[in-house]
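Undergrad: My questions all concern the structure below.
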Amino acid sequence: MDLNRRQLFKAGLGLSAILAIAACGDGSSSDGSGGSPQRGGTLRIGAIGKSSKTERDPHATMSNESDFLIMSLIYDPLTVPGTDPNVAPRLASKWESDAEQRNWTFTIAEGATFHDGRPVTADDVVWSLRRLREVAGETKVPVSSVDDIKPVGANAVVLTCAGPNSQLPLLLRLMTFAAPKGTTDFTKGIGSGPFRLESYNNGNARLVRNDNWHGGAPLLDAVEVTLFESPESMANAIMAGQIDVASSVGAVAGRTAEARSDLQVIRRPNDVAIVIAMRTSDGPFADPRVREALRLAVDRPAMVAQVLSGYGSVANDILGTADPTFDSSIAQRKRNVDRAKQLLADAKFDTGRTYPLVTKQEAAGEVESAKVFASQAKDIGLNIEVVVQEANAFYDDTWLKAPFYTVNWGTNDSVMFFASKVMSSRTKWNETGFKDAEFDKAYADALAAPAGAKFTEASKAIQQIQYDRGGYIVWGMADGIDVASRSVQGLPKLGGYGRVQLERVWLSS
Amino acid sequence: MIALTGLVVRRLGLLIALLAVVFVVVDLLPGNAARAVLGRDAGADRIAAKEHELGLDRPLPVRFWNWFSGAATGDFGTTARGQSVNELLAAKFPQTLLLASVAMLATVVISLLCGLWWSARPTGFTARVMQPSSAFVIAVPEFVVATLLVLVFSLWLDWLPAVTFTDRSGYPASPEMLILPVAALAIPQAGWNSRVVRGALIDAAAAPHVESAVLNGLPERTVLLRHVLPFALPTIATSFATSVGTLFGGALVVETIFNYPGMGAMVAGSVSDRDTALVAAVVAMTGTTIMCVLLLADAIRAWANRGRR
């Protein structure tokens, strides 16, 4: 269950290496120190998954990273993550909206064909999006009903949102995989993506190059995906040379690999936000002065060093740190014990009580983050008891209810993603009970604004309110850590699920 | 024969009781399979529909009976994700059985050899090594043994693969991939069983008929094989049979460390998913296997004790 949720949200994030390099040349993939790209070779890549939860349906809720990797190689989503802008084209070569930001038209890339030779048509895409809307709900296709997804001619589809939604292309990144209309047997894996499925066995797959891919044939001959039940066994496999890439293997393996000359550590910044949620609507943290005191209590560099083993960066109580509109002019909040104590005194906060901070073993370092924070908060006179809950129990008993708990999120490249999912007063996942008229106004403005100055202004207003009176302590951002053999070039470098875009990877000899 | 039938009935009753306990325990865990499968974004209506589909809205005894009556005919039902449990078991159980069998074979051979040698030369060099080393390997859990083996034989010496890859049949791609998982399982078991074999042999050797055989001037080997070993066999067989259960338990841990394609990880995943049908099916399969081995041990004991009453 934990993975379902994390995977779902992280899936909004990532990058297409080819498009990022071609469009921006921003170095968002590992540098080509191996010389000029070479064709050929088989990439053996490991990814985490549970063999009891393998999934073959590209529209189902996937809980295995390994399944998601396989799907992303076989199927093309409409859009994929990028750096700036944070949405890049994939199956949709371009998109445009009406002035109201309500009706969005996506044009299918020229030359897009399924692996069986049929061209990808508007009917296929409409069928796939409608199926996804039915199977997975509004979270993945944010329109009110399947009737809001319609073909326009032979090679375009139009999506009609219930209200202005400037974020639709972003919300359709990854996940919106297109399959031929009427597909019932997904085990053949007929998609239009850069690799074709050759064989599949219990979560492991071998894929071969699709020479006809509309984005240009990949360089690798084949990709072999191996499912690993634990990061530890995956780390052993990369150390022993049995795989070429260990995807999202974690800080411990990263540390070990740093010492090895035959391995490279790929750090993907802004991979996961592990944050502390304080309830703003009622309870002990309802007073904004108390929340500011807690934010001033945290020693952010120490948290990054101790919780993330240094694989991360300090953050500033604003979610969406990798957003192109992220406001770096807001002063970095630093530890200030005296001011924090003063604020608690001003707010007449009861320091005689002990406050439970509920956490769970979910993201790497999540429980540790609660413990380290609890020890730091002692310095301002706040007594915290860290309560570790089983993840299932956490989502039933604590999430959205308790006044004080830890959460973790992907998709850190979008301020609007967090505004819509957890902070707008209408969202069903308002983790901090945040209801703020000014915030809602800025959010509505941003939804109605096309990309540009007006949108940036609204985004900055959203960020300023979070910084001033939001309910989250965003102390840092964890890096995603992949370990790869030195011969692997062109691996994606963006956080979250951007790591699945392997079409421009190549092997140097 | 009647005694044997009674034994089978008792063992079967125990297995059924165990399966009922599995149902109750998984039911007591917080969270449910419907939400685990649908994820966070599912509304109450979709969760209720899924619960109905999975039969979770029915009383626990009814669910147990539905599952059990299917299982009795060889149909273990479907997982919460709609996969056939039989197919999953067919894909994973033989691999675990292979791993556990090879490990068991290794345990039997090593323990018999070590135990025999040790009891025959109780003060020799081997005995002095065996005494502390067997105690050590018993005390160290499988996952520590496994981790050390990977460290030494894969990462330092680069002799053996660190993890298991499967070929298209779903079995380990090469036999050498079995070596470390088998060793990780067999080493702690061999430590324990060597001590049991030695103890049983020494006890048996103290019996009066052995003494008379020695006094009759029979060769040492004949005494050992004809007079001591049969007498010690019931104890040894029981100990080996008990090891089977421990081996299965250890296999679940060892499989995760070596990414071995067996049932271990499936059990962990199905418990966190509250997937009762799958958990119970795995318990039924391993339980039945262990039951058969225990029956075999009973048979050996009965045979060794024949005519002794």
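The values are calculated or read from the model by the stated rules, or taken from the named source; none is laboratory data. All figures in this text were calculated on a predicted structure; none of them were measured in a lab. Quick reminder, even Gly has a Cβ in these numbers, built from the backbone with ideal geometry, and neighbours come from all protein chains shown. Please note that ligands, DNA and RNA were not included when accessible areas were found on the heavy atoms of the full protein model with its side chains. Shrake-Rupley method; radii C 1.70, N 1.55, O 1.52, S 1.80 Å.
Undergrad: Let me make sure I get this right: for segment A:37-97, a, b and c are the square roots of the gyration tensor eigenvalues over alpha carbons, sorted descending. Under 1.5 in a/c it's rounded, otherwise prolate if a/b > b/c, else oblate. Which is it?
TA: Note, shape of segment A:37-97 comes out oblate.
Undergrad: Average the reciprocal distances over every distinct pair of alpha-carbons in segment A:358-484, invert the result, and give the Kirkwood radius in Å.
TA: 16.4 Å is the Kirkwood radius here.
Undergrad: Residue by residue, what Karplus-based ³J(HN,Hα) values in Hz, rounded to whole numbers, does segment A:402-410 have, using 6.51, -1.76 and 1.60 with θ = phi - 60° and x for Gly and Pro?
TA: Values per residue, Gly and Pro as x: 6, x, 7, 7, 9, 9, 9, 9, x Hz.
Undergrad: Okay, helix-only estimate at 222 nm for chain A: each DSSP H run of n ≥ 4 adds -39500 (n - 2.57), divide by all residues, round to 500 deg cm²/dmol; what do you get?
TA: -8000 deg cm²/dmol
Undergrad: Tell me, what HN-Hα J-couplings in whole Hz come from the Karplus equation 6.51 cos²θ - 1.76 cosθ + 1.60 at θ = phi - 60° for each residue of segment A:463-469, using x for Gly and Pro?
TA: So the J values, rounded to whole Hz, are 5, 5, 5, 4, 5, 6, 9.
Undergrad: Please compute the volume of the convex hull spanned by the alpha-carbon atoms of segment A:95-164 and report it per residue in Å³.
TA: Given the Cα convex hull of segment A:95-164, per-residue volume reads 85 Å³.
Undergrad: Counting only protein heavy atoms, what percent of the accessible surface of chain B is carbon or sulfur at a 1.4 Å probe? Could the numbers behind the result be given before it?
TA: On the way: 10540 of 15170 Å².
Of the solvent-accessible surface of chain B, carbon and sulfur hold 69 percent.
Undergrad: Compute the normalised compactness of segment A:26-172: alpha-carbon radius of gyration over 2.2 N^0.38 Å, N being the residue count.
TA: 1.17
Undergrad: Further, regarding this structure: For residue A:357, enumerate residues with amide H under 5 Å from its amide H, sequence gap 5+ or separate chain, H modeled in the peptide plane.
TA: For residue A:357, whose amide H was placed from the backbone, the distant partners under 5 Å are A:385, A:386, A:387.
Undergrad: By average Cβ neighbour count within 10 Å, what is the ranking of A:80-93, B:80-93 from highest down?
TA: Working: A:80-93: 23.3, B:80-93: 18.1.
Packing proxy ranking, top to bottom: A:80-93, B:80-93.
Undergrad: So which of A:53/A:493; A:181/B:50; A:94/A:421; A:360/A:401 end up more than 20 Å apart, counting from Cα to Cα?
TA: A:53/A:493; A:181/B:50; A:94/A:421
Undergrad: Between residue A:332 and residue A:261, what FRET efficiency comes out of the Förster formula 1/(1 + (r/R0)^6) with R0 = 56 Å and r the beta carbon distance, rounded to 0.05? Provide the component values of the computation, followed by the final result.
TA: Values: r = 36 Å, r/R0 = 0.64.
With R0 = 56 Å, the Cβ-Cβ based efficiency is 0.95.
Undergrad: HN-Hα J couplings of segment A:491-505 from phi, Karplus 6.51/-1.76/1.60, θ = phi - 60°, integer Hz, Gly and Pro as x?
TA: 6, x, 10, 7, x, x, 7, x, 5, 7, 7, 9, 5, 10, 6
Undergrad: Averaged per residue, what accessible area in Å² does segment A:391-509 show with a 1.4 Å probe, protein chains only? Don't jump to the answer; show the numbers that get you there.
TA: Numbers: 3480 Å² over 119 residues.
Each residue of segment A:391-509 exposes 29 Å² on average to a 1.4 Å probe.
Undergrad: Next question, about the same structure. Below 8 Å, C-alpha to C-alpha, sequence gap of six or more: please give me the relative contact order for chain B in percent.
TA: Answer for chain B is 26 percent.
Undergrad: May I pose another question? Among B:293, B:140, B:279, which one moves the most in a GNM of chain B with springs linking Cα atoms closer than 10 Å?
TA: Looking only at B:293, B:140, B:279, the biggest GNM fluctuation is shown by B:140.
Undergrad: So, in nm, how far is label residue A:123 from label residue A:509 when the simple model puts each one 7 Å beyond its Cα toward the Cβ?
TA: According to this spin-label approximation, the distance is 4.7 nm.
Undergrad: Order of A:171-180, A:40-49 by packing, highest average Cβ count within 10 Å first?
TA: Peptide ranking by packing, descending: A:171-180, A:40-49.
Undergrad: Quote the Stokes-Einstein diffusion coefficient, in whole µm² s⁻¹, for chain B, based on the Kirkwood radius over alpha carbon pairs, a temperature of 37 °C and a viscosity of 0.692 mPa s.
TA: 148 µm²/s
Undergrad: Take peptide A:39-51, look around each residue's Cβ out to 10 angstrom, count Cβ atoms belonging to other protein chains, and average those counts.
TA: Shielding by partners across A:39-51 averages 2.
Undergrad: Going by amide H atoms built from the backbone, whose H comes under 5 Å of the H on residue A:362, apart from near neighbours?
TA: A:367
Undergrad: Taking H as built 1.01 Å from N, whose amide H comes closer than 5 Å to the amide H of residue B:76, not counting residues under 5 places away?
TA: Excluding prolines and chain starts, which carry no amide H, the hits are B:86.
Undergrad: Further question on the same structure: Using only the alpha-carbon atoms, how far is helix B:44-54 inclined from the longest principal axis of chain B? Give it as 0 to 90 degrees, nearest 10.
TA: With both axes taken from Cα atoms, the answer is about 50 degrees.
Undergrad: Still on this structure: Interface B/A, total buried accessible area with a 1.4 Å probe, nearest 100 Å²?
TA: Counting protein atoms only, the buried area is about 3200 Å².
Undergrad: Something else about it: Straight-line reach from residue A:441: which aspartates and glutamates have a Cα under 15 Å away, not including same-chain ones fewer than 8 places off?
TA: A:457
Undergrad: Which value in deg cm²/dmol, rounded to the nearest 500, describes the helix-derived mean residue ellipticity at 222 nm for chain B, given -39,500 (n - 2.57) per DSSP H run of n ≥ 4 and division by the residue count? Write down the numbers at each step before the final one.
TA: Numbers: 12 runs with 222 residues, N = 309.
Result for chain B: -24500 deg cm²/dmol, rounded to the nearest 500.
Undergrad: Starting from the alpha-carbon convex hull of segment A:337-406, give the projected area averaged over all orientations, in nm².
TA: Hull-based average projected area comes out at 4.9 nm².
Undergrad: Return the carbon/sulfur percentage of the accessible area of chain A, one whole number, probe 1.4 Å, all protein chains in place.
TA: The C+S portion of the solvent-accessible surface of chain A is 49 percent.
Undergrad: Among DSSP beta bridges lying fully in chain A, give the percent that are antiparallel, nearest 5.
TA: 75 percent
Undergrad: For Cα pairs less than 8 Å apart in space and 6+ apart in sequence, what is the mean separation divided by the residue count of chain A, i.e. the relative contact order in percent?
TA: Averaging sequence separation for qualifying contacts and normalising by length gives 24 percent for chain A.
Undergrad: How high is the FRET efficiency from residue B:46 to residue A:147, r the C-beta distance, R0 25 Å, rounded to 0.05?
TA: 0.80
Undergrad: Place a point 7 Å from Cα of residue A:99 in the direction of its Cβ. Which residues in segment A:162-183 have their backbone N less than 17 Å from it?
TA: It comes to A:164-166, nothing else.
Undergrad: While we're looking at this one, here's another question. Based on the Cβ-Cβ distance from residue A:221 to residue B:148, what FRET efficiency comes out when R0 is 45 Å, to the nearest 0.05?
TA: 0.75
Undergrad: Kirkwood Rh over alpha-carbon pairs of segment A:303-348, then Stokes-Einstein at 20 °C and 1.002 mPa s: what D in µm² s⁻¹, rounded to an integer?
TA: Result for D is 164 µm²/s.
Undergrad: Then there's this: By how many degrees, between 0 and 90 and to the nearest 10, does the Cα long axis of helix A:337-346 differ from the longest principal axis of chain A?
TA: Approximately 70 degrees, to the nearest ten.
Undergrad: Roughly how many Å² is the accessible area per residue of segment B:6-149, as a whole number, for a 1.4 Å probe?
TA: Value returned for segment B:6-149: 52 Å² of accessible area per residue.
Undergrad: Taking Cα centroids, how far is segment A:464-490 from segment A:416-452 in Å?
TA: 21 Å
Undergrad: Let me ask another. How many partner chain Cβ atoms sit within 10 Å of a residue's Cβ in peptide B:258-271, on average, as a whole number?
TA: 5
Undergrad: If you scale each eigenvalue of the Cα gyration tensor by 5 and take the root, what three semi-axes come out for chain A, rounded to whole angstrom and sorted largest first?
TA: 38, 28, 20
Undergrad: Related question: What does the average come to when, for each residue of peptide B:151-164, you count the partner chain Cβ atoms lying within 10 Å of its Cβ? Walk me through the numbers on the way to the answer.
TA: Working: counts 2, 0, 1, 6, 5, 0, 0, 2, 0, 1, 5, 9, 13, 3.
Average neighbour count from other chains, rounded to a whole number: 3.
Undergrad: Given the options B:156, B:67, B:117, state which has the largest fluctuation in a GNM of chain B using a 10 Å cut-off (strictly under) for Cα springs.
TA: B:156
Undergrad: Can you work out the PRE-style zone for residue B:58? Point 7 Å along Cα to Cβ, and I want the residues of segment B:69-93 with backbone N under 17 Å.
TA: Output list for this probe position: B:69-82, B:85.
Undergrad: Over segment B:108-263, calculate the relative contact order: mean separation of alpha carbon pairs under 8 Å at least 6 apart, over the residue count, as a percent.
TA: 32 percent
Undergrad: Given 0.36 nm per residue, what is the gain on full extension from residue A:348 to residue A:211 after removing their alpha carbon distance, in nm? Let's see the in-between values first.
TA: Working: separation 137, 0.36 × 137 = 49.32 nm, distance 6.81 nm.
Using 0.36 nm per residue and subtracting the Cα-Cα distance, I get 42.5 nm.
Undergrad: How large is the dipole of chain B about the Cα centre if only Lys and Arg carry +1 and Asp and Glu carry -1, each at its Cβ, rounded to the nearest 20 debye?
TA: Dipole magnitude for chain B comes out near 940 debye.
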